[in-house]
Every structure is written in C-alpha cells, then in structure tokens.
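Please read the structure below before turning to the comments.
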Amino acid sequence: MKEKTLRTLEYHKIIERLCEQAGSACGKERCRETKPLTDLDEIERLQEETQDALSRIYAHGSLSFSGIHDVRASIKRLDMEAGLSAGELMHMGSLLVAVKRIRDYGAEDEREDSLSERFRMLEPLVSAASEIERCIISEDEISDDASSGLKNVRRKMRLTNDKIREQLAGIVGSNDNRTYLQDNIITMRDGRYCIPVKSEYKNRFPGMVHDQSAKGSTTFIEPLAVVNLNNELRELAVNEQEEIKKVLKTLSQMLVPHIEALEYDAETIAAFDVIFARAMLAKNMNASRPVFNTERIIDIRKGRHPLIDKTKVVPIDIRLGGDFTMLVITGPNTGGKTVSLKTVGLFTLMGQSGLHIPAFDGSKLGVFDNVYADIGDEQSIEQSLSTFSSHMTNTVSILRDADEGSLVLFDELGAGTDPTEGAALARAILSDLHERGIHVMATTHYAELKAYALSEPGVCNACCEFDVATLSPTYKLLIGVPGRSNAFAISGKLGLSDKLIERARGYMTQKEKSLDDVIEGLSASRLEYEQKNEKASEALGEAERLRDRFEQKNEKLDATREKIIENAREEAEKILRDAKEFADATIRKMNKLASSKDRMRELEEERTALREKLAGAGKKNKSIAKKPGTPITDPSQLKIGDSVHIVSMNVDGKIAALPDRKGDVAVSMGAMRTVVNLSDLEAAEPAPEPVKKEKTGVGEIKIRKAYDVGMSVNVIGMRVDEALPIVEKYLDDAYLAGLQNVSVIHGRGTGALKDAVHGLLKRLKYVSSYRFGTFHEGDRGVTIVEFKQGN
C-alpha cells in the first residue's frame, strides 16, 4: 500500500491508537510497523488471533504488558559470553516474572485456540528469576546476601567505618578543638573521611589536605589518626566491587544455557503485546471480525467510522462488488459522502492489518492488492493544494497503476473546473476503470454521472439522505437511489419566494427535469419498499421465533411421551411379576392346606384372593399395554373428533382434520398435534366418560381443556382493554388444563401492553413466576409464564 493512501485515509491515527494499547517498548515498536497485508491466509491468521485474544479478555480480563523492557541487546551480549550489568539483569528478571504471569493467564482458559500453544511454550525460568530477585535490589544496589564474599567485605567495611567515625568524633567533639574547626561535623572528600578546619589553624592538625572551600576559609584535612583506616576502607571498597562483579558474572552465566528460551520468551511476549493491543482496540471500538472473500465483495453492515466520536457517528450500510463493482455517491455537501469513502477505505486497510472493524457481525471485506484514494478533505491543512491540477495529477497516477486487484476511491471526481468538461472527464475516467474491472467508489454532484450509473450495467447509484424538513443531512447512505441537490426545496424553506423558484425550474432543460422526476420517484418507491421490508422482516423474525419454540416444545413432548410409555411398560412388567409371585406363594399354601380336610374353608379363601389378584393385574396391564384395534379401511367414514390409535407411537388421539389426497391425517393428542398416515391408524374405543364427583368436577375440566388450550396467546395489535380479558381467560384455561408454562406474545411497541400484562400476572395467585423470552423465544416481545404446581 502506498504511504500517500495511508495518510489520506488517516490509517496512521488508527495505528497511534493501537500503540496506546500496547504496554511494552517492543510491543509499541511492532504496532507502529503494522501494515496491511495482501495474503488471505496471513490476514485470516491475524484476525483469528485478534478474535481469540478478545474472547480471553472478555472471559478473564485484560492482560498487562507494562514494565517489560527490551532485552534483545542483553541476549546478544549473553550469546557473546559477555557479562550483564545489574540493570540488564533486573530487566531479565522482570521479563521472566512477566512470562510466568502471562503463562498463568493463558492457562486459565481450557479451550484450545490459536494462542494456546504459544502460551504453553513460554518458559518463565522460575529459579533464575528468583535468584536475580534475591541478589539485585535495584540497578545501583546489590544485596548483602548475594554472596558470602560480598557479605564478609561489607561487614568489614561497616566495622572500619565505625572506627573512623569514632576517631573523628573524638577530635570534633573535643572542647579544645572547637576554636580551630569551621563546623563540628565529619565530611568526605574523594571517598575519604575529613574534618573542616579553619585555614589559619590547619597546621594544628597533622594529616593530609584533600580540599579547600571556594573562599579559602576552610581546609578539609584527613587526620593522621585515620589515614590507615581510610586506606583500609578504600581497599575494602575495591574488594566490594570485585565481589559485585563476581555476583553479576555468576548470574549472567546462569542465564547462558537458557538463551534460546529467553529469545523465545522475548519474541512471544512482544507478539502477544501486539495481539492483545489489537484485541483491546477492538473492545474499545465495539468492533467485530470481518468476513473476508476472494471475490472482493464489500458488504459493511452498520459501519461506524472509528475516528468520529461514538456519540455522534451515524452507522452506514455499504455494498460494493457482486452485482456492481462501481458505486457513484451523490448528495449535499457535509452529508457524509466523504466519510462513506473513508470508511470503506479505512475498513479495508484495518481488516487487512488484522484489526477488527467497528461494524455488525458478518460484515464482508474483499482482499485488495492496493487501495488508491484521491480525497480532498476541506478540513485538512492540505486543502489549499487540492486544486484541479493536483487532483488530476493524482488521478493520472491512479489510472496508470490501478489494476483488477485495486480499490479506487474518488472524492468529487472532475471538480474544480468547467462543469461540462469536468463531467465529461469524470465519465470517461469511470468508464475506463469500469471496463478494466476495477472496484471504484466515487462521489459527485454531476447529474451526468447519475445518468451514467442508471444506464450502465455493473454501476450503481447511492446517495446520502437529506431531511428537507430540518434542512440537515441524516448521514445515512442509501444504495440504489441517486441523490438530489435539494437546492429548490432548501431555498423554499429558507424563504425564497415560490415565484423565483418556479422561474429557476423553467431554466432547467426537459432532460434535467425528467431526471429529477425519476430520482424523486425512486426515492418515494425506496421509502415505501423500506417500510414494507421492515414489516416483513419483523413478521419473518416473529414466525421464526415461534417455529423454534414450537419445535422445542415438540421435542420436549416427544421425550415426555417416550418416558411415559417406558414407565408404563415397566409398571406392567412389575404388576405381572407381583401377580406371579403371589400366585406361586398361594399355590404353595394351597398344597399345604389340601392335606387337611378341616381347613377347606381357608383353602377356598386363598383361591378367591388369587382370582381377585390376577383379575386386578389383568385390568391394570390391559390399561397400560392396549391391544391393537381394527385397521381403518374406509377413510370416508372418519369424522373430526373420532378416537383413533397411532400404532407407531402406541398412543390414542382424536381426528383433528380429515385425510388429504395422500392419506395424511391430523391427529391431536392433548396439547400436541401431529400428522400421520392412515396406514398407521387403528380404530379405538371412545374415551370413557369420567366419573362425576359431587364436589368440583375439576378433573373433567382439565381433560377437556388439555385438548383445547394452545401453548401461547397472541395479543399483538390489541388495545390494553381488549387484550387483558383474553389473556386472563387463556391463563385460566391453561392452568386448569395442567400446563406447566405458556407464552404471552404482546410484542414490543410502546411497552403499555407489556406493562399491563405484567400487572395482571402479579395479581394472579396461580402464577409462580414470569420472565421475558430468550432470543430464540421472542426476546422482549414475549413473556414466559410459569404456573404453580400441584393444581
């Protein structure tokens, strides 16, 4: 990509924001080097890394890379067997500490993604990091415990220091010496302890003169009494430095065997810093991963220019490629035409750099070898250079370099010169690019280009919508509709007389009037289409949600039915097993009783009990495992409401609809309804009338309601006073029918109907709880009602 294009589309500002998200020096350096790629596999790899990092951030929080230093030079020094300084070793230690923290962060996520392997391969070298932390306190201080030699030397230095200070304290604290001393203090000159003596009395203190004050009034003398001690202290200081060098050398040699691990750690940490910087930028922009394609199709859904304030930017939908490879955008000034161009260009550069784009999921981007832009931004400092000549120079360069793999963006193509000639040049340039199969977006005010887009296959009009009522643009991009200048409408709103406006209309040619009428007609048709499309989309979404809910409930009913049948079979087997055991026990008893004539009455009682037991078992088993009925041979005899038995399901039901030509019949089984073929049906005995009880007859009501009540009630479009009685009656019926939960479909609207339904649910005592539906159940347009059990 050319640097000029990157500057024009303000790509560098996105990179600046990316650098702000990086924490380490290496990470920021790599962020600044980020450039768009053209290899689809590499682009997808970067996009996947960004997506996986973003998922980890949402799951486990952000990952900090601050405080990590660039250790590449130190690693090279180690490779040459050179020792490292205390500061370099501290940077190594901080790197290893960060490696452990980052590896632990990666281990929190058990799922495998594109980053998992690299997290696992990090080597924190815990023992080496601990040793560095133990030995080095700061870049200028080594711990006494770093080595026994260093500890011994420093112990001797402290003892010598104490002796020196004791000797000097005696001299300074003597009353006899107060007259000769400038101050009663002990000071140091050139690393040796001295006392400040008035220059006129310097001969009274034998020793070595080390310094004199600026005015010459004070002489700094090292008394002879401490010269040897100071010499000893200087030697100990040299020994201390030697011991420190040994410690640093030992720590450096400890790291040498791990050079490869250190190189991998440094490289991987820098790479992770860039990846998580991309992810944090996506999080801050509320961005999503674009879907790339090799057909160079662009389909941006609700795209937001990332450099415009989030509270002010208007999302736009843009399409290019597929049916048309050239988009001609018209509309008023400051209406959003240039922003639309920059959004497409910047999104393309961002996506090919591995960055997510601030648009809806599923937005598509093509992979382009080059992006060319001739955009004159009047808010730019360079506006003074945006003359016709400079624009044409840039256009000539684009025409020379662009090919089929390029995306070309023109802002006000042909402007800055005579309108007739400018329009002709613009049309010639666009025609040439279109014939070469190059993807182009261009903004213009020329009516000739609108007409060209209407008549040329593969070229499409678009406009930035303008609200004449408020005299302001809406910043919405409308594909397929050429824009209007709205000059007459705006002038009328601002107070220009109708007479002058009509006179101006008279100066327009018939061709210009016809084109304006066509555009106005298209705009009206588009508005009507959008309104109908919105209603159709809502209806389709509602239908899909209801279908999903119905399928889910059918699956639950199927599972419940299978469980009931299985339980019934197990119960039948248990009944027969119990009966057999009872019969065996009774026979054994009878055999014993048969040997005694006096106990015949007891024998007869046992026989009677056995008959009753077997009879009861037979009745229960018959009710559980029903015998097949008579096959249906004459479909014409069937009536709605007839009882039938479904052989494949081994359940009874009622005819809900007569058979069609294929012999398929709708059969209802309580709240469930299914379609089966006649060959799978048998005639069944009508369900017996329930025994009437003297008290309430609730059981009979439940049986009847179970066949009539559906799983939901729809009151969309009704007023509150119409809907509430319907909802209340439905809930009463559903509760009596024994349903566990139902759905009340009230829609979103103003929320008045939803609030009224919720108020009713709070008052009903048999309602256990209620909630909004999930996304697949209808979202906030549906309320799921749970009934209290045990009714």
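The values are calculated or read from the model by the stated rules, or taken from the named source; none is laboratory data. What you see is a predicted model, and the numbers here were worked out from it, not measured in a lab. In this analysis, Cβ positions are derived from the backbone assuming ideal geometry, glycine residues included, and neighbour counts consider all displayed protein chains. Surface accessibility is based on the protein's heavy atoms, side chains included, excluding ligands, DNA and RNA. Shrake-Rupley method; radii C 1.70, N 1.55, O 1.52, S 1.80 Å.
Just to be sure I understand the filter: pairs with C-beta atoms under 8 Å, separated by 6 or more residues or on different chains, first member in region 340-358 and over 15 Å from V274 (Cα atoms) and open to solvent by 10 Å² or more (accessible area, probe 1.4 Å), second member of a type in the set (D, E) and not in a helix (DSSP H, G or I). Which pairs pass?
Taking only residues 6 or more apart or on different chains, the pairs are K342/E10.
Taking the conditions exactly as written (open to solvent by 70 Å² or more (accessible area, probe 1.4 Å) and under 19 Å from T160 (Cβ atoms)), does V238 satisfy them or not?
yes
Return the only residue of G376, G303, G336 being free of Cβ contacts under 8 Å to residues at least 40 places away in the same chain and either touching a Ser or Thr at 6+ places or on another chain (Cβ under 9 Å) or over 19 Å from Q21 (Cα atoms) (or both).
Answer to the check: G376.
When only residues in region 13-58 that are closer than 17 Å to H356 by Cβ and small (G, A, S) count, which is most open to solvent (accessible area, probe 1.4 Å)?
So the residue we want is S55.
Across region 99-131, which residue is most open to solvent (accessible area, probe 1.4 Å) among those that are of a type in the set (K, R) and part of a helix (DSSP H, G or I)?
R120
Of everything in region 777-791 that's free of Cβ contacts under 8 Å to residues at least 60 places away in the same chain and part of a strand (DSSP E or B), which residue is most open to solvent (accessible area, probe 1.4 Å)?
Looking at the filtered set, the residue picked out is E786.
Working carefully through the options D309, D273, find the one that is under 30 Å from E20 (Cα atoms), in contact with a Gly (Cβ under 7 Å, 6 or more places away or on another chain) and either among the charged types (D, E, K, R) or in a helix (DSSP H, G or I) (or both).
The conditions single out D273.
Without any contact (Cβ under 8 Å) to a residue 24 or more places away in the chain and part of a loop (DSSP other than H, G, I, E, B): is that true of K765 in this structure?
Answer is yes for this residue.
Exactly one of these conditions fails for M208: (1) open to solvent by less than 30 Å² (accessible area, probe 1.4 Å); (2) free of Cβ contacts under 8 Å to residues at least 60 places away in the same chain; (3) part of a strand (DSSP E or B); (4) touching a helix residue (DSSP H, G or I) at 6+ places or on another chain (Cβ under 8 Å). Give me its number.
Among (1) open to solvent by less than 30 Å² (accessible area, probe 1.4 Å); (2) free of Cβ contacts under 8 Å to residues at least 60 places away in the same chain; (3) part of a strand (DSSP E or B); (4) touching a helix residue (DSSP H, G or I) at 6+ places or on another chain (Cβ under 8 Å), the lone unmet condition for M208 is (1).
For the subset of region 398-418 comprising residues that are over 24 Å from I298 (Cα atoms) and in contact with a helix residue (DSSP H, G or I) (Cβ under 9 Å, 6 or more places away or on another chain), which member is least open to solvent (accessible area, probe 1.4 Å)?
In this case the residue turns out to be G414.
For region 743-776, what are the residues that are open to solvent by 80 Å² or more (accessible area, probe 1.4 Å) and over 35 Å from the mean Cα position of the chain (by Cα)?
K762, R763, K765
Kindly indicate the residue of region 560-573 that is charged (D, E, K, R) and surrounded by fewer than 12 Cβ atoms within 10 Å (Cβ to Cβ) and also farthest from the chain's Cα centre (by Cα) among those meeting that condition.
E570
Every residue in region 64-98 that is over 15 Å from L255 (Cα atoms) and either aliphatic (A, V, I, L, M) or surrounded by 20 or more Cβ atoms within 10 Å (Cβ to Cβ) (or both), please.
The answer is F65, I68, A98.
Identify all residues within region 435-450 that are surrounded by fewer than 19 Cβ atoms within 10 Å (Cβ to Cβ) and either assigned to a helix (DSSP H, G or I) or in contact (Cβ under 8 Å) with a residue 40 or more places away in the chain (or both); write none if there are none.
Correct list: E435, G437, E448.
Of everything in region 727-742 that's over 20 Å from F772 (Cβ atoms) and of a type in the set (A, V, I, L, M), which residue is least open to solvent (accessible area, probe 1.4 Å)?
Among those residues, the one meeting the criterion is A737.
Give the residue that is nearest to E235 (Cα to Cα), with candidates limited to residues of region 184-199 that are open to solvent by 80 Å² or more (accessible area, probe 1.4 Å) and not aliphatic (A, V, I, L, M).
Only one residue tops the list, namely D190.
For S94, are the conditions met, namely being on the phi < 0 side of the Ramachandran plot, part of a loop (DSSP other than H, G, I, E, B) and touching a residue at least 12 places away in the same chain (Cβ under 8 Å)?
Spelling it out, it is not the case that S94 is on the phi < 0 side of the Ramachandran plot, part of a loop (DSSP other than H, G, I, E, B) and touching a residue at least 12 places away in the same chain (Cβ under 8 Å).
Find all pairs meeting these conditions: Cβ atoms under 7 angstrom apart; at least six residues apart or on different chains; first residue within region 267-284 and among the hydroxyl-bearing types (S, T, Y); second residue not in a helix (DSSP H, G or I).
Matching pairs, first to second residue: T268/L122.
Kindly provide the set of residues from region 132-164 that are in a helix (DSSP H, G or I) and either hydroxyl-bearing (S, T, Y) or under 13 Å from L89 (Cβ atoms) (or both), ordered by number.
Across region 132-164, the qualifying residues are I132, E133, R134, C135, A146, S148, T160.
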